[in-house]
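The values are calculated or read from the model by the stated rules, or taken from the named source; none is laboratory data. Predicted model, so just to flag it, every value in this text is computed and none were measured. Using ideal geometry, Cβ is built from the backbone for each residue, glycine included, and neighbour counts are taken over all protein chains shown. Each accessible area value is taken on the protein alone, full model and side chains, heavy atoms only, with ligands, DNA and RNA left out. Shrake-Rupley method; radii C 1.70, N 1.55, O 1.52, S 1.80 Å.
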Amino acid sequence: LQTARDDLAAEIGGKIVSGRLKPGTILDGEIEASDERKVSRSAYREAVRILIAKGLVQSRPKIGTRVTDSGQWHLLDPDVLSWIFAKEPPRELLESLFELRKLVEPEAAALAAERRSLEQLNRLGAALEIMARETLHTERGRLADKTFHGILLSASSNPFLISLSSSVTAAVAWSTAFKDRTQRLRRDAVVDHVKVYEAIAARSA
């Protein structure tokens with residue numbers, strides 16, 4: 001049930017975020033949709049619940065399940081990000097994502113420099129070593145990059161920033177993978193990560 005549910009949510013969610021299902025579109029009813037996809041009604045119901053929780057659809061009695069406007073989507077949800085990056089994301093959405101990262105991550109790094117523990121610094125260094133050895137062109141290297149950013153946010157010791165950790169690290173992972181997939185990852189970003197690590201090590205906010 002879980003695999004069918006998740007696959008269905010990803011299929012419908014992908015169509016919504018890519019614009020193939022426009023805002024206002026009414027999804028097929030439970031019986032019709034489950035029969036067409038050859039899945040149980042309960043799996044389809046659960047998939048719709050996932051989409052409701054992520055703000056992609058609304059369900060109303062006598063109206064049905066309707067695709068919502070993008071302003072209601074939980075864009076930083078890791079699943080929603082993965083569906084967005086499954087295809088070529090709109091350029092303006094990519095730019096907005098990097099604007100958010102520029103607002104959040106430098107301040108988190110400054111706080112991490114003041115508040116990090118030795119254990120967190122060591123974990124940052126270990127992630128950096130893997131990134132340098134594997135490069136961001138490999139899955140292991142990109143996973144280490146995601147880990148690096150997650151530790152950095154955790155080291156800020158700010159519970160609100162830490163609550164953004166899964167969203168920001170997902171954004172890091174998907175945007176890096178996208179740049180590699182589309183041959184846009186030409187600059188070696190590891191050098192910049194080394195500078196950030198050295199500043200945090202020196203407690204230089």
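Laid out as a table, the results:
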{"item": "Options Lys195, Lys179, Lys102, Lys146; residue that is at pLDDT 95 or above and open to solvent by 20 Å² or more (accessible area, probe 1.4 Å)", "result": "Lys195"}
{"item": "Residue count, segment 78-100 (criterion: within 15 Å of the chain's Cα centre (by Cα) and not in a loop (DSSP other than H, G, I, E, B))", "result": "16"}
{"item": "Residue that is nearest to Leu100 (Cα to Cα), among those in segment 134-152 that are part of a helix (DSSP H, G or I), touching an Asp or Glu at 6+ places or on another chain (Cβ under 8 Å) and not charged (D, E, K, R)", "result": "His149"}
{"item": "Those residues of segment 182-192 which are part of a helix (DSSP H, G or I) and surrounded by fewer than 14 Cβ atoms within 10 Å (Cβ to Cβ), in sequence order", "result": "Val191, Asp192"}
{"item": "Flag for Gly71 being surrounded by fewer than 18 Cβ atoms within 10 Å (Cβ to Cβ), without any contact (Cβ under 8 Å) to a residue 12 or more places away in the chain and out of contact with any helix residue (DSSP H, G or I) (no Cβ under 8 Å at 6 or more places or on another chain)", "result": "yes"}
{"item": "Leu75, sole failed condition from (1) assigned to a helix (DSSP H, G or I); (2) within 29 Å of Ser165 (Cβ to Cβ)", "result": "(1)"}
{"item": "Residue that is closer than 26 Å to Ser166 by Cα and of a type in the set (D, E, K, R), where the choices are Glu92, Glu36, Glu30", "result": "Glu92"}
{"item": "When residues of segment 15-59 are limited to those that are open to solvent by less than 40 Å² (accessible area, probe 1.4 Å), in a helix (DSSP H, G or I) and hydrophobic (A, V, I, L, M, F, W, C), the one farthest from Asp69 (Cα to Cα)", "result": "Ala43"}
{"item": "Answer from Arg37, Arg45 - the residue that is without any contact (Cβ under 8 Å) to a residue 24 or more places away in the chain and farther than 23 Å from Phe178 by Cα", "result": "Arg45"}
{"item": "Pairs where the first residue, in segment 11-31, is under 20 Å from Phe85 (Cβ atoms) and the second is part of a loop (DSSP other than H, G, I, E, B), C-beta under 6 Å, 6+ apart", "result": "Gly13/Leu56; Gly14/Ala86; Lys15/Leu21; Ile16/Leu56; Ser18/Lys87"}
{"item": "Checklist (1) out of contact with any helix residue (DSSP H, G or I) (no Cβ under 7 Å at 6 or more places or on another chain); (2) in contact (Cβ under 8 Å) with a residue 60 or more places away in the chain applied to Leu81, failing item", "result": "(1)"}
{"item": "Members of segment 87-99 found to be within 14 Å of Val168 (Cβ to Cβ), open to solvent by 60 Å² or more (accessible area, probe 1.4 Å) and touching a residue at least 60 places away in the same chain (Cβ under 8 Å), listed by number", "result": "Phe98"}
{"item": "Residues of segment 155-167 that turn out to be open to solvent by less than 50 Å² (accessible area, probe 1.4 Å), out of contact with any Lys or Arg (no Cβ under 7 Å at 6 or more places or on another chain) and either assigned to a helix (DSSP H, G or I) or of a type in the set (Ser, Thr, Tyr) (or both), as a count", "result": "3"}
